[in-house]
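J.: The following block contains the structure, expressed as structure tokens.
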Amino acid sequence: MTERETVPVLRQVVLDCTNARSLAEFYRRLLGLAYRTGDEPPEPGAADERGSDWLVLRNPGGIQLAFQQVDTLPEASWPDPGPVPQQLHLDLTVASIEDLDRQHDRVLELGGRLLSDRSDDPEEPLRVYADPAGHPFCVFVA
């Protein structure tokens, strides 16, 4: 590639979901992100028009997360072989085993579900979870 050539920039990862607001709130709280201006939850009792279509969480200095409302979404069957492969997953890192254990409790409190536990792996301690919509994601020590 020469200096004159350009490449696209990866801006965000988009997750399909049947409840965009709920899944956005899970990741907002888990990752400490903020809504794009205008995507914040509405006042109590008000209609959530944006939350029933498309929401974006900003990640200063990193890749954003977006949530696209769909009518149906089959849950990934991974790690079991089955009809619905995971197709994509998010990798999240923490600095230590102690942080991994703290985040484990947070993920479960926020509505995530443990799929696989390799926290005792001496080379790459990690846990794999499903978010409330069933998308797998990893948290590992790096």
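Please treat every number below as a calculation from the coordinates, not as lab data. Computed from a predicted structure; not experimentally measured. Here the Cβ positions follow ideal geometry from the backbone for every residue, glycine too, while neighbour counts run over all protein chains shown.
J.: Answer yes or no as to whether T93 is of a type in the set (V, I, T), over 24 Å from Y129 (Cβ atoms) and without any contact (Cβ under 8 Å) to a residue 60 or more places away in the chain.
T.: The answer is no for T93.
J.: Can you tell me how many residues in segment 110-132 are under 15 Å from the mean Cα position of the chain (by Cα), of a type in the set (D, E, K, R) and outside any strand (DSSP E or B)?
T.: 1
J.: Of the residues V107, V56, only one is touching a residue at least 60 places away in the same chain (Cβ under 8 Å), within 21 Å of A34 (Cα to Cα) and among the β-branched types (V, I, T); which?
T.: Just a single option satisfies the conditions, and that option is V107.
J.: Looking at (1) over 25 Å from F140 (Cα atoms); (2) under 13 Å from the mean Cα position of the chain (by Cα), can you tell me which one F67 breaks?
T.: (1)
J.: Find the residue count for segment 95-142, including only residues that are of a type outside the set (S, T, Y) and farther than 21 Å from L23 by Cβ.
T.: So the answer is 19.
J.: Give the residue that is farthest from R106 (Cα to Cα), with candidates limited to residues of segment 12-40 that are among the small types (G, A, S) and in contact (Cβ under 8 Å) with a residue 24 or more places away in the chain.
T.: Among those that are among the small types (G, A, S) and in contact (Cβ under 8 Å) with a residue 24 or more places away in the chain, it is A20.
J.: Evaluate segment 36-49: report whether one residue or more is within 19 Å of F137 (Cα to Cα) and in contact with a Pro (Cβ under 9 Å, 6 or more places away or on another chain).
T.: Checking segment 36-49: not a single residue is within 19 Å of F137 (Cα to Cα) and in contact with a Pro (Cβ under 9 Å, 6 or more places away or on another chain).
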